[in-house]
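Some notes on the structure that comes next.
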Amino acid sequence: MYDFAYHRPKSVADAIALLKGNEEARPMSGGMTLIPTLKQRLARPSDVVDLGGLKELAGVKVEGDTLVIGGMTKHGDVATSADVKKVIPALADLAGHIGDPQVRNRGTMGGSVANNDPAADYPAAVVALNATVITNTGKHTADAFFKGLFETALGDGEIITAISFPKAEKAAYMKFPNPASRYAMVGVFVAKTASGVRVAVTGAGPSVFRVKAMEEALSKNFSSDAIKDIKVPADGLNSDIHGSAEYRAHLVGVMARRAVDKASK
Amino acid sequence: MTSATGIGARVLRTEDKRFLTGTGRYVDDLPLARATYAYFLRSPHAHAKIKSIDISAAEKSPGVVNIFTGKDLVDAKVGGLICGWVVKDKHGEPHKAPPHPVMAVDTVRYVGDTVAMVVANSYDEARDAAEAIKVDYEVLPANIDLAKAFDKGAPQVHPEAPGNLIYDWEIGVKADVEAAFAKAAHVTKMDIVNNRLIPNAMEPRAAAAEYDKGTGNYTLWSTSQNPHVLRLILSAFVLGIPEHKLRVIAPDVGGGFGSKIFCYADETMVCWAASRVGRPIKWTAERSESFQTDCHGRDHVTHAELALDKEGKFLALKVETIANMGAYLSTFSTAVPTYLYATLLAGQYTTPLIYANVKAAVTHTAPVDAYRGAGRPEATFVIETIVSKAAAELKMDPAELRRKNFIPSTAFPYQTPVALQYDSGNYPPIIDEAMKIADYPGFEARRAEAKARGKLRGIGFSSYIEACGLAPSQVIGQLGGGVGQWESAQIKFNPTGNVQVITGSHSHGQGHETTFAQLVHDRLGVPMDQIEVVHGDTSTTPFGMGTYGSRSLAVGGSAIMKATDKIIAKGKKIAAHLMEADVADVVFENGTFKVAGTDKNVPLAQAVFAAYVPHNYPLAEIEPGMDENAFYDPANFVYPAGTQICEVEIDPDTGIVEVIAHTAVDDFGNIINPMIVEGQVHGGIVQGVGQALFEGAVYDKQTGQLLSGSFMDYTMPRADNFPSFKLGYKVTPCPHNPLGVKGCGEAGAIAAPAAVMNAVHNALAPIGVKHVEMPATPLNVWQSIQGAQRAAAE
């Protein structure tokens, strides 16, 4: 890796002071993406601002019918949290299948959502559950947050402090892992919350997206039969040696049906 | 078996203590004072002219000690890397041998080709400096697609190999085979690809070298499977350092699978540069360098035809293969698709006529050479796939068709039509046992049950033959091999009775330290903890050929047995003297010399002590000391054989193939340590299933970029992909080596791909899928299903 200045601020304000106005600075939460990128010399930040000292950003809280999960909460802690398992068990299940135990014990929800890797799992949950992304400067709706490939609504000097998830009546996540990396090649999160039914897809496209036709069908009849004839167009989907766009489009249907079945159990 | 730790005992591996506690010593662990670190600048292009290399900025980079380019090697008159096996083509001409410069001079020929070596005070400084080297490339079209390598207009890799052809080789009489086909009742034809694999040993390749200015001696530490052969090549062909001035040490090595047999550019450079730099040099490949520059394996495109009579007896087999050599001919590359492939095409069968034609191609990809099984997996895949296809076409049971054509046990030694003479074997009981273990009769019920769950279940057979422990040396020489194929052993007792067993083979995961100790313990009665197995250092071991081709026990173990014979013979003379008996009356039992019919005895340790402290010793007749060497050159290959049965379930919605059960019944001859053998079989099956379902090196067909260049894109088989394997054994001892052993290291990888793919085809046949290529990834299977559905709709 190239040389950089390393900082470990003790407060959000200190972290923001280091990040704001410095385009070459990079925040690091769990480092599960940034560290390998640095080691391969694919990134050359002037400063790495380690958010690991911001203890107030880690942890799960239940506020009425809402789960508020701190940005620095590790995947492993989400997976094993009694509160998450009770309020949105599908979210705990998703977190328990991210990467491997080492990744789950380092990687954080805020880091994953802020990075918006097209193959990350969390964005599907955030969109399907119609969660709210809370930052040091304000709030973003899930739909407005994810802008495109590795692109989010986060502005200069803005970091995710927490994500708030409304309770789901029904929810499930089904992932088709890339055979090599085991990242989501196609991951479908289906949820029925107070704001309706949502079907969010990760892995298949440049960024997480919703399948409105399935949402409408499931709103009328929450069963896999209701969506069995709905085809997702392959246009614009990712294509690589593990999956053509057509294959990914097909898998969205398969995973969506399986997610609905799982959510219905 | 003489004891709980002798031949046949499941002795826990003694070397595992250091491996499992992190106390092994690998090349990268070496603490070398004043060490420098090397970084290799690699070609980012598959094919390009080097117009210029500007190192001026890089030389000023902090910490840089030296920078070398191909031109420096030309100036120093360093030889190129060699191919050590001369294959003669069908006209009797030696294969085309394009030069293989250690570092590229004016042309790069694959992504990863070595362009410059930077030596600096730290690895990061070396890498920083490498980024400052300016190479002006003129990018040229690349020859990547093997099936089109010989096409007119295909980009040429070497002027010395016109049309990209290295050799056009054949075995068998084509006209006889054609005549048999003309009379056949049925002909099965197929076109198959044997997918290209990247070895991925757990420890990447590494090298370190030190030059002693006072003595002029070089020491090279390398992750080599055969340090003496590496030294021989570097001395005699590449660097010209006299053999006695070059010590090669291969310490603990974390896996090789063949990829560490060969002499590579980077270790050559590290050794050569050590004297110029004047400080030790260390280099360890990054994983991405391993992907790009380790020799890859397999990579064949084959058309095969099998002729059968109306009863299903095989009449003749015809095989045409294009084999990829990559950009340069690696150390043993030419032999793999010829003498290690086509000579195995009889398999376990009495096929009387076989013709094979192999054309070797150069392409703008990494060199291809031996990888676990080396030629034999490719042969088994051809035979066992076409036999199962023929059975399906003839609506015969695949086991029945195999049985009908097995070489009968009474026919051994059996001369095949493709040069080899099988020494021993008994195939029908093996397949019977495998079918019993796999519950073959219950398969249709399991298929029906799976169908009710929406899954497609299939079963597949693979009955393999392997020729391992290449031998004898004279035959290897006649076939063009450049080295002998014997092995050495030395048994060196210390005065206090403990012993060093020194072998010319090399362990890089196989468990030699345990297996060889068991042999010596069993034979000489020395306790296991009094035996140290030594290997891997040209200065402390007799010249040896190293480890590859499942040879270490059959050849190296046999050498150890010969050395124990000499120890016992000498010990008898000493004991006879001490017991005042006639040597003819002395017997050796359980570690003690005895005179039959008396209570006189001399434990071996006492004879050893007498040999080193010869106060009462027959000095007039024998020399002091107890230290014996043996060299063993086998009379023939050994021929392990077996049958694997794989059972899979396919999810037609996703294309995912799941291995539900995998059975392997093998004849490895006598078995020394069943636990180690099981480990070898398990690992082999995993690699074979890996080839069938997961692994595949993919180059972009235009640019030649390696698309599967990391674990993010190259799918390794993992523990959760597998059920527990079911193993069984049948034993026909090898008749020509003293242990009666065959070889087990490659068998799993040889047999498994065909077993898996036959199961996949069996599962998919009911829905009309005719053919799936390896690897049968979810995408590949799904697309095959889609294709069949489209074909059915038309």
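The values are calculated or read from the model by the stated rules, or taken from the named source; none is laboratory data. Source: prediction; values computed, not measured. Positions of Cβ are backbone-derived with ideal geometry, glycine not excepted, and every protein chain shown enters the neighbour counts. Just so you know, the surface numbers come from the protein's heavy atoms only, side chains and all, with ligands and any DNA or RNA stripped out. Shrake-Rupley method; radii C 1.70, N 1.55, O 1.52, S 1.80 Å.
General remarks:
- Long-range HN-HN contacts of B:D397 with modeled amide H, under 5 Å: none
- Burial of 30 Å² or greater, the range B:757-790 residues [accessible area, probe 1.4 Å, versus chain by itself]: B:P778, B:L779, B:W782
- Whole-Hz ³J(HN,Hα) from phi, Karplus 6.51 cos²θ - 1.76 cosθ + 1.60, for the range B:11-28, glycine and proline x: 7, 4, 5, 5, 6, 5, 4, 6, 5, 7, 9, x, 10, x, 10, 9, 4, 5
- Relative contact order (%) - criterion: Cα under 8 Å, at least six apart; region: chain B: 15
- Over 19 Å apart at the Cα level, from the set B:K71/B:K245; A:K85/A:K192; B:K572/B:K594, are B:K71/B:K245.
- Charge tally for B:A751 (other residues, Cβ to Cβ under 10 Å; Lys, Arg +1; Asp, Glu -1): -3.
- Largest first, the residues A:R44, B:R109, A:R257 sort by 1.4 Å accessible area into A:R44, A:R257, B:R109.
- The mean accessible area for residues of the protein assembly as shown, using a 1.4 Å probe and ignoring ligands and nucleic acids, is 38 Å² per residue.
- Cα gyration tensor shape of chain B, rounded if a/c is under 1.5, else prolate or oblate by comparing a/b with b/c: oblate
- Pairs exceeding 31 Å between alpha-carbon atoms, taken from A:K139/A:K228; B:K183/B:K726; B:K260/B:K562; B:K310/B:K451; A:K262/B:K436: A:K139/A:K228; B:K183/B:K726; B:K310/B:K451; A:K262/B:K436.
- Net charge over other residues, Cβ less than 10 angstrom from the Cβ of B:I166 (K, R count +1; D, E count -1): -1
- The simple spin-label model puts a point 7 Å past each Cα toward its Cβ; for B:L394 and A:E216 those points are separated by 5.9 nm.
- Buried on assembly, the range A:159-181 (at least 40 Å² less accessible surface than by itself, 1.4 Å probe): A:F176, A:P179, A:A180
- The charge dipole of the protein assembly as shown, taken about the Cα centre with unit charges on the Cβ atoms of Lys, Arg (+1) and Asp, Glu (-1), comes to about 1440 debye, rounded to the nearest 20.
- Projected label points at A:E23 and B:A635, each 7 Å from Cα along the beta carbon direction, are separated by 8.0 nanometres.
- Normalised by the number of residues in chain A, the average gap of Cα pairs under 8 Å and 6 or more apart makes the relative contact order 15 percent.
- The HN-Hα couplings worked out from phi for the range A:224-231 by the Karplus form 6.51 cos²θ - 1.76 cosθ + 1.60 (θ = phi - 60°) are 5, 4, 5, 10, 5, 9, 8, 9 Hz, whole numbers, x standing for Gly and Pro.
- Among the GluC sites (Glu not before Pro) in the range A:15-78, those located in a DSSP loop and surrounded by at most 14 other Cβ atoms within 10 Å of their own Cβ are A:E23, A:E24.
- Sequence ranges B:165-175, B:351-361, ranked by mean other-Cβ count within 10 angstrom, highest first: B:351-361, B:165-175
- Furthest towards positive pole of dipole, B:F40, B:A4, B:V64, structure part the range B:1-90, Cβ charges: B:A4
- Lys/Arg +1, Asp/Glu -1 at C-beta; chain B dipole; positive extreme among B:T21, B:G484, B:V501: B:G484
- Unit charges on C-beta of K, R, D, E only; dipole of the range A:1-49, Debye: 160
- For the pair B:E794 and B:K701, a Förster radius of 30 Å applied to the C-beta separation gives a FRET efficiency near 0.60, rounded to the nearest 0.05.
- Surface share of carbon and sulfur [accessible, 1.4 angstrom probe, percent] for the protein assembly as shown: 53
- Given charges at beta-carbon only (K, R positive; D, E negative), |dipole| of the range B:637-787 in Debye: 400
- Cα-projected label distance for B:R25 with B:A765, points at 7 Å along beta-carbon direction, nm: 5.7
- Chains A and B, summed buried accessible surface - 1.4 Å probe, Å², nearest 100: 1900
- If you bin all the Cα-Cα distances of the range B:110-181 at 5 Å, starting from zero, the percentages per bin are 3, 11, 13, 12, 11, 11, 11, 10, 6, 4, 2, 3, 3, 1.
- For the range B:622-657, heavy-atom accessible area (probe 1.4 Å) falls by no less than 10 Å² from the chain alone to the full protein assembly at B:D651, B:D653, B:T654, B:I656.
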